[in-house]
Amino acid sequence: QVQLVESGGGLVQPGGSLRLSCAASGTTFSVYSMSWHRQAPGKERELVATISRAGGSTNYADSVKGRFTISRDNAKNTMYLQMNNLKPEDTAGYYCKADGPRRSYWGQGTQVTVSS
C-alpha cells in the first residue's frame, strides 16, 4: 500500500514563495510517475505539473509555467513543488499523485493561500 503525505502549505503574500513536499511510503518511489494537482473551491481540479520516473521530463500548466518547478529525490522518496511569484489565483488545495503500473494514489492535500 502506498501513502502520500503533502506538506509545506500555508499563507503567503502575493509575490512570495513556498515549497511543497510530497513524501511517499510503502512503495518503490522510482517506479511512479508523479504529478501535482490543485483545486480551488467551486473549480475543477487542475493538473499543475508532472514529472517522469527518473525526473528527466517535466510538464507544466500554462498558468504556472516559469513560476513553479517540479522536482523529485528518489533517494528520499519525496517530490517537491517550488512555487515562486505566487499570485492570489494560486490559492487552492494542492495534491500529489503517484501513477504506477496498476493503480494511482492521491495524497490528502495541503492548503496554499495567497493573500495580502
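Rounded to the nearest Hz, the phi-derived 3J(HN,Hα) couplings of the stretch 103-115 under the Karplus curve 6.51 cos²θ - 1.76 cosθ + 1.60 (θ = phi - 60°) are 7, 10, 10, 10, x, 7, x, 9, 8, 10, 10, 10, 7, where x marks glycine and proline. Neighbours of Ala61, meaning other residues whose beta-carbon lies under 10 angstrom from its beta-carbon, give a summed charge of 0 when Lys and Arg score +1 and Asp and Glu score -1. Per residue, the accessible area of the stretch 75-116 comes to 51 Å², computed with a 1.4 Å probe over protein heavy atoms only. Taking label points 7 Å from Cα along the Cα-to-Cβ direction, Asn74 and Ser57 give a separation of 1.4 nm.
With the full set of protein chains in place, find how many percent of the accessible area of the chain is carbon and sulfur; take the probe as 1.4 Å. Kindly include the intermediate steps, with their values, before the conclusion.
On the way: 2750 of 6100 Å².
After summing per-atom areas, the C and S share lands at 45 percent.
When only Cα pairs below 8 angstrom with a gap of at least 6 residues are kept, the chain shows a relative contact order of 37 percent. If the chain linking Thr27 and Leu11 were pulled fully straight, counting 0.36 nm for each residue of separation and taking away their Cα-Cα distance, it would gain 2.7 nm.
Ordering Glu44, Glu6 from largest to smallest accessible area (1.4 angstrom probe), what's the sequence? Can you show the working numbers first?
Values: Glu44 160, Glu6 10 Å².
The ranking, largest first, comes out as Glu44, Glu6.
When the trypsin sites (Lys or Arg not before Pro) in the stretch 22-116 are filtered for DSSP coil states and for at most 14 other beta-carbon atoms within 10 Å of their beta-carbon, the remaining sites are Lys43, Arg45, Lys65, Arg102, Arg103. Excluding ligands, DNA and RNA, the accessible surface per residue across the stretch 3-67 is 54 Å² with a 1.4 Å probe.
Quick one: which residues, 5 or more positions from Val48 or on another chain, have an amide H under 5 Å from its amide H? H modelled 1.01 Å from N in the peptide plane, none for Pro or chain starts. Here the answer is Trp36, His37, Arg38, since their amide H atoms fall under 5 Å of that of Val48.
The values are calculated or read from the model by the stated rules, or taken from the named source; none is laboratory data. Please read these numbers as outputs of a predicted model, since none were measured by experiment. Methodologically, a virtual Cβ is constructed for each residue, glycine included, from the backbone with ideal geometry; neighbour enumeration extends over all protein chains shown. We work out accessible area using only protein heavy atoms, side chains counted, and drop any ligands, DNA or RNA first. Shrake-Rupley method; radii C 1.70, N 1.55, O 1.52, S 1.80 Å.
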